[in-house]
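Take a look at the structure set out below.
Rule-based calculations on the coordinates, nothing more; no lab input. Since we're looking at a predicted model, the values are computed, not measured. Don't worry about glycine lacking a Cβ; one is built from the backbone with ideal geometry, like all the others, and counts go over all protein chains shown.
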Amino acid sequence: MLFFITIILLVVWFSMSRKRTSYLQEKKKENFWEKESNANHTRKTSLECLNYITIPLNLIELAGSSTDSSIMEQGKILKQLSNKKIVNLTGISNTDLKLKYGSSNLSSLTEYDQNFTQLAQTLNCIGLRFSELEDDSSAILILEFSVSCKSDISSTYKQLAQLYVNVGQAEKIDSLIESAKTLNSLMKNTILIHLEAIKKSSHALK
């Protein structure tokens, strides 16, 4: 008898649990579409307040003056990007962008963010190549700028941390970790894990 009562209770609990899950999912869906509707009717606002990224001239010249074909090619891209509007909007949904800046600004914002993605990738390629050529100082300059722009490319942080170890500045990994903590990206935890591992291994070498 107790067995059957237990079975009945489990069935009731399972049924209630499914209904609650279904309700929460439906509520979440309703909230999303309500928010999306509001976003689509948000008036256009000025984009002057955005945190536009300016590529330093010395970095453009550094890449442009290289005799390495790979860096030269990426340097051309860097120069082209310097004439475009670049904004890091990583982690911000299209709905939130429309709510804040107006739906008619979405195409411009998307373009600015795509420019940032290309910038982060270009800087990463240049930095890694300088490192391969054992030009640590140039690699550090490039990668530090990328970090200052809040790139979320894992290899940028890993390589910069390793370069700090190589040049005897392992203490700078702490500032890298602090920078990574401010990222609005799904890559944040992965980057932090890599940095902590490099920091730990650098201590073991002392």
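Here are the numbers for this structure:
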quantity	calculated
Subset of Lys79/Lys150; Lys84/Lys199; Lys44/Lys85 violating a 25 Å alpha-carbon distance limit	Lys84/Lys199
Packing-based exposure ordering (other Cβ within 10 Å, fewest first) of Cys149, Cys49	Cys49, Cys149
Dipole moment magnitude, nearest 20 debye, the stretch 46-204 about Cα centre, only Lys, Arg, Asp, Glu C-beta charged	440 debye
Equivalent-ellipsoid semi-axes of the stretch 46-204, from the Cα gyration tensor, Å, largest first	28, 21, 10
Residues whose placed amide H lies under 5 Å from that of Leu47, excluding near-sequence neighbours	none
Local electrostatic count at Ser108 - Lys and Arg +1, Asp and Glu -1, tallied over other residues with Cβ under 14 Å	+2
Cα-only Debye scattering, the stretch 82-127: base-10 log of I(q)/I(0) at q = 0.13, 0.20, 0.28 Å⁻¹	-0.31, -0.64, -0.99
